[in-house]
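What follows is a single structure, written as structure tokens, with notes after it.
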Amino acid sequence: MRIVTFASGSTGNCSLVSEGKANILIDAGISMRRTVAALAQLGLTPQDLCGVLITHEHSDHVSGLSMLIKHHGLSVFAPKPLCEELGRVKTDIKQNLEYIPEDDMLDIGGVAVSCFRTMHDAAYSVGYRFEGEHVLGFATDTGSINDELIAGLEGADIALIEANHDIAMLKNGAYPYFLKRRILAPTGHLSNDDSGILAEHLAKHGTENIILGHLSRDNNTPELALKTVSSAVSVKNVKISVAPANNMLAVEAGERLQCSI
């Protein structure tokens, strides 16, 4: 199983999970042109996709969705409450929405996909777990760590988790007070420190590759996120990498090598 992040951050989010013939897009928060170009670098076209999973309805996760559906007719998968919200804000994709059962798994291209709630100030926000020959967990946009989040990620070979901000940078930065308060809230975004706590737990439960995603452009740096989380992880031989905001990163289960494409 492999994940390739196309973009990760406040300006746009899109990733691809692949195993065998299954190619599943997570979020479509970048333009269709960028998505198609990223797929082409991997030797794929939109017709090779089994569908698109959406984590929540915020624009940095769905801004490119309508065009992608209009031109390529892909299925859009999400739990029912999120599908209902997507159908409300993007009426043009209603006919492409398919429910993921919240207490069960859905087979998508031979990969078992399940969802779990994340703590974010969206109408409905989820992470995803992919089970095939390997297991991959994906969770960004969560202001706190709860039991459901841990259960969704625990035991994954690869886990992409949020490391949105450095607390000191955020508190001392130029953001208005209301926005700082929103980000720091239990339904905001995970700090580097909290991401380190989560990474340590996952590493102790067998996760070998941890990817830090959704970094703030203004309140974090890749170097700081990597340093903070790495210092919190005591388990040896765990590989920690940072998903770039606008470039591609590929990570494959069972391999120690991470590569930017």
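The values are calculated or read from the model by the stated rules, or taken from the named source; none is laboratory data. Values in this document were obtained by computation on a predicted structure and should not be read as measured data. Cβ atoms come from the backbone with ideal geometry, glycine included; neighbour counts cover every protein chain shown. These accessible areas exclude ligands, DNA and RNA; they are computed on the full protein's heavy atoms, side chains included. Shrake-Rupley method; radii C 1.70, N 1.55, O 1.52, S 1.80 Å.
What the table below lists for this structure:
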{"quantity": "Pairs with Cβ under 9 Å, 6+ apart, first in the stretch 233-245 and in contact (Cβ under 8 Å) with a residue 24 or more places away in the chain, second open to solvent by 50 Å² or more (accessible area, probe 1.4 Å) and acidic (D, E)", "calculated": "N237/E208; V238/E208; K239/E208; V242/E223"}
{"quantity": "The lone exception for D194 - which of (1) under 21 Å from A122 (Cα atoms); (2) free of Cβ contacts under 8 Å to residues at least 24 places away in the same chain; (3) open to solvent by 50 Å² or more (accessible area, probe 1.4 Å) it fails", "calculated": "(2)"}
{"quantity": "Qualifying residue in the stretch 239-259 (condition: modelled with pLDDT of 95 or more, more than 18 Å from the chain's Cα centre (by Cα) and open to solvent by less than 30 Å² (accessible area, probe 1.4 Å))", "calculated": "no"}
{"quantity": "Residue that is farthest from K204 (Cα to Cα) [pool: residues in the stretch 154-163 that are open to solvent by less than 10 Å² (accessible area, probe 1.4 Å) and free of Cβ contacts under 8 Å to residues at least 60 places away in the same chain]", "calculated": "E162"}
{"quantity": "Subset tally (residues that are of a type in the set (V, I, T) and over 15 Å from V251 (Cβ atoms)) for the stretch 1-23", "calculated": "1"}
{"quantity": "Condition met for D107 (open to solvent by 10 Å² or more (accessible area, probe 1.4 Å), part of a strand (DSSP E or B) and without any contact (Cβ under 8 Å) to a residue 24 or more places away in the chain)", "calculated": "yes"}
{"quantity": "The stretch 110-121, subset open to solvent by less than 50 Å² (accessible area, probe 1.4 Å) and farther than 20 Å from E85 by Cα, residue nearest to the chain's Cα centre (by Cα)", "calculated": "V113"}
{"quantity": "Selection from the stretch 122-153 of residues that are over 22 Å from L49 (Cα atoms), in contact with a helix residue (DSSP H, G or I) (Cβ under 7 Å, 6 or more places away or on another chain) and crowded, with 23+ Cβ neighbours inside 10 Å", "calculated": "T142, L153"}
{"quantity": "Candidates L226, L170, filtered to the one that is under 24 Å from V17 (Cβ atoms), surrounded by 15 or more Cβ atoms within 10 Å (Cβ to Cβ) and not aromatic (F, W, Y)", "calculated": "L226"}
{"quantity": "Neighbours by Cβ (under 7 Å, 6+ apart or cross-chain): first from the stretch 73-95, in a helix (DSSP H, G or I); second at pLDDT 95 or above and polar (S, T, N, Q)", "calculated": "D92/S66; I93/S66"}
{"quantity": "Residue that is nearest to T118 (Cα to Cα) [pool: residues in the stretch 164-188 that are polar (S, T, N, Q) and touching a residue at least 12 places away in the same chain (Cβ under 8 Å)]", "calculated": "T187"}
{"quantity": "Subset tally (residues that are open to solvent by less than 10 Å² (accessible area, probe 1.4 Å) and in contact with a helix residue (DSSP H, G or I) (Cβ under 7 Å, 6 or more places away or on another chain)) for the stretch 28-51", "calculated": "5"}
{"quantity": "Residue match in the stretch 148-163 (condition: at pLDDT 95 or above, touching a Cys at 6+ places or on another chain (Cβ under 8 Å) and of a type outside the set (G, A, S))", "calculated": "no"}
{"quantity": "Flag if G73 is surrounded by 15 or more Cβ atoms within 10 Å (Cβ to Cβ) and either over 23 Å from M1 (Cα atoms) or among the small types (G, A, S) (or both)", "calculated": "no"}
{"quantity": "Residue count for the stretch 122-155, restricted to those that are over 14 Å from the mean Cα position of the chain (by Cα) and hydrophobic (A, V, I, L, M, F, W, C)", "calculated": "6"}
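Let's see how each residue does on (1) within 30 Å of L184 (Cα to Cα); (2) acidic (D, E); (3) at pLDDT 95 or above:
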| site | (1), (2), (3) |
| --- | --- |
| D104 | no, yes, no |
| I108 | no, no, yes |
| S114 | yes, no, yes |
| R117 | yes, no, yes |
| A122 | yes, no, yes |
| G127 | yes, no, yes |
| H134 | no, no, yes |
| G137 | yes, no, yes |
| T140 | yes, no, yes |
